[in-house]
Structures are given as structure tokens and as C-alpha cells.
Amino acid sequence: MRQVLFFAFVAAVVAIYPVHAEIQWHTPAAIAPPTGYNSIPEINLPDYVAEAIDFAPEEGKPLIAIVIDDMGVDRRRTQEALEAFPSEVTLAYLPYASDIAEQVQAARAAGHEIMVHMPMQPQRDTIDPGPNVLHGDLDEAELRRRIDVNLAAFDGYAGLNNHMGSKFTQDARGIDILMREVRKRGLYFLDSRTISNSVAEQTAAAYGVPVTHRDVFLDDKETEAFTRDALLKVERTARRKGSAVAIGHPKDITTRMLAAWIPTLEEKGFQLAPMSAVLKHRRKVSSPRVAAARVIGICEVH
Ligand SMILES: [Zn+2]
């Protein structure tokens, strides 16, 4: 009997092991200074404060940043989001959207902090990330050209986050080129974490770029149950870590549920904050290098 049990145990371990190995999380390796680091001129970081909106954190209140990205392409839903949310909600615009400079100008006039939602290569080739996507197969000159084009589409932004990018954010060479540009321009970076082993956060941190990662996606599934659970997770994360970063999209259900949830935050003891305020808060409490957390695996379409 004992032998049978032993073999059953061994068989179970063998059966489970490959699955377990698949879902192991990648621990960021020790960070070596990125190539080219010494050639970067010193600048006084964080210059990004120049385009951050004014914000006064209240002592002891956990901060919650809501970033709505994919803004600008679906004009009706973009407009609805703009009208539904208070100015503390941060808006990330796709650089290839039509009339993008005017759209962003209207959002700035309404008091929102603005980000560039930078298109980056997803894992699956069947998904279209849009024009001028940052792609790992491009040479440095073309990558720089695309970074320039995307960052020149409009002005008045404080930082950027990745649109898609489950492939590109794993590409150490490509991310290194991007982060040198981000640092030179005095911007911050929010890693949307569309894949768990993105190197964007550690590379940005090594360059001294203000950086953090998304904690919660609000609308992977367009159901009330999903978004309700996600909003509860935002509250739990903020209580535990002192701050939370959630990313949502201009979808009908997200706009409706967020518009109802945001006014409840004050009585729950939270403070809604622009992205830059959470970055400043996180830089105070811990190094962004060690702030990387376990987040959901691949989310291709963000
Ligand atoms: Zn996106």
C-alpha cells in the first residue's frame, strides 16, 4: 500500500510540474546599468512635474490613480469619458487618433493630466497595434523615428504608458532605446504590465525615470461583475500599499461604473489622485526597482 501511495505521489508531482513551471513568475534579474547610460546628459529629474497637474495629498489617505487609456480613437466614447470624470482622472491618448492635438487641448483645458499611450508590439501578430508601433525588429534609427513621431503628435503630456506591448516590453534593446528618450525628455513611465515579465519598469528605474506599474485592469471583460471585482481590488490594493493604479478604457460599462464609484471614494477614506501624485508617493515610500508586483499574465489588447 505504501508503495502504491508513493508512486501515486510521484505521478502526481510529474503531472503537475510542467503546469507549475509554466506559470512561475519571472523575478526581475539584478539590474546592470543599461548600455549607453553614461552617455546620457544629467538632467534634473523629475522635470515631469512641469506638465503634472497640481495636487495636494491629504495626510494618511491612500491614493488611487485612475488612468483611462486608448483615448482619442472612439470619439463618442472619448467625449463621454471626458465629461464623466473629474480632473484627477488621468487620460492617455493614442498618438494616431484624428484631430489629436485639439482633443488633448480640450482635455487639458478640463484640468486632466495627460499621457501619451505609446503603441508597442503585442505578442500576437494578428492584433493591430496601429501605425508607428514600436517593434523589436526595427533598427535603432527607425525606432527613434517612431518614438519621435509618437511623442510629437501632441504636447502637454507628463508621461507615457504602453498600448499593448506584451512583446516589446520584453525586448531589452528596444526598451533601453525608449527609456533613454523618456529620460532625456523628463517624462514618467507607467508600465501597463500587459505581460508579467516586462523589463520596462526595471530599465526605466535604472535610468532614473520616474516609473511604476499598473495594479488593476478595470475592464478585461465588459461585464458588471468583472469591473465590480476590479474596483474592490483597487480599494484593497490602495489600503495595503498606500496607493493603487488602475487602468480602464473608454467603454460604456467602464465609464458608467467608474462615474458611480468615484464619488464614493471620499467617504471610504481614499483620495483620487493624478498619476504623477502616485509616482511621487511611491518614490517616497520605496524604490521603484523593488516595487514590481505580481500582476495578471498576458493581456494583449490594452
Ligand atoms: Zn491601449
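The values are calculated or read from the model by the stated rules, or taken from the named source; none is laboratory data. Values in this document were obtained by computation on a predicted structure and should not be read as measured data. Heads up, the Cβs are rebuilt from the backbone with ideal geometry, glycines too, and the neighbour counts pull from every protein chain shown.
If you go through segment 86-117 one residue at a time, how many are of a type in the set (A, V, I, L, M), part of a helix (DSSP H, G or I) and surrounded by 15 or more Cβ atoms within 10 Å (Cβ to Cβ)?
Taking segment 86-117 first, the residues of a type in the set (A, V, I, L, M) are 89, 91-92, 94, 97, 100-101, 104, 106-107, 109-110, 114-116.
Cutting the leftovers down to part of a helix (DSSP H, G or I) gives us 100-101, 104, 106-107, 109.
Right, trim to surrounded by 15 or more Cβ atoms within 10 Å (Cβ to Cβ) and you get 100, 104, 107.
So the answer is 3.
Please enumerate the residues belonging to segment 163-177 that are among the aliphatic types (A, V, I, L, M), within 16 Å of the ligand (Cβ to nearest atom) and in a helix (DSSP H, G or I).
Selection gives nothing.
How many residues does segment 67-79 hold that are in a strand (DSSP E or B) and within 17 Å of ARG108 (Cβ to Cβ)? The number of residues fulfilling the criteria is 4.
Of the residues screened, ALA225 is not one that is farther than 19 Å from ILE114 by Cα and touching an Asp or Glu at 6+ places or on another chain (Cβ under 9 Å). Apart from one condition, ASP229 fits all of (1) farther than 28 Å from ASP99 by Cα; (2) within 16 Å of the ligand (Cβ to nearest atom); (3) surrounded by fewer than 22 Cβ atoms within 10 Å (Cβ to Cβ); the exception is (2). Note on segment 59-74: among residues that are away from the ligand (no atom under 16 Å from the Cβ) and at pLDDT 95 or above, the one that is surrounded by the most Cβ atoms within 10 Å (Cβ to Cβ) is ALA65.
One residue stands out among those in segment 184-193 that are buried (at least 24 other Cβ atoms within 10 Å of the Cβ) and either at pLDDT 95 or above or over 14 Å from ASN161 (Cα atoms) (or both): the one that is farthest from the chain's Cα centre (by Cα), which is PHE189.
Within segment 242-257, restricting attention to residues that are touching a residue at least 60 places away in the same chain (Cβ under 8 Å) and either of a type in the set (A, V, I, L, M, F, W, C) or closer than 19 Å to GLN271 by Cβ (or both), the residue that is surrounded by the fewest Cβ atoms within 10 Å (Cβ to Cβ) is GLY242.
Only one residue in LEU151, LEU82, LEU134, LEU160 is within 16 Å of the ligand (Cβ to nearest atom) and under 28 Å from ASP54 (Cα atoms). Which one? That would be LEU160, the only listed residue that is within 16 Å of the ligand (Cβ to nearest atom) and under 28 Å from ASP54 (Cα atoms).
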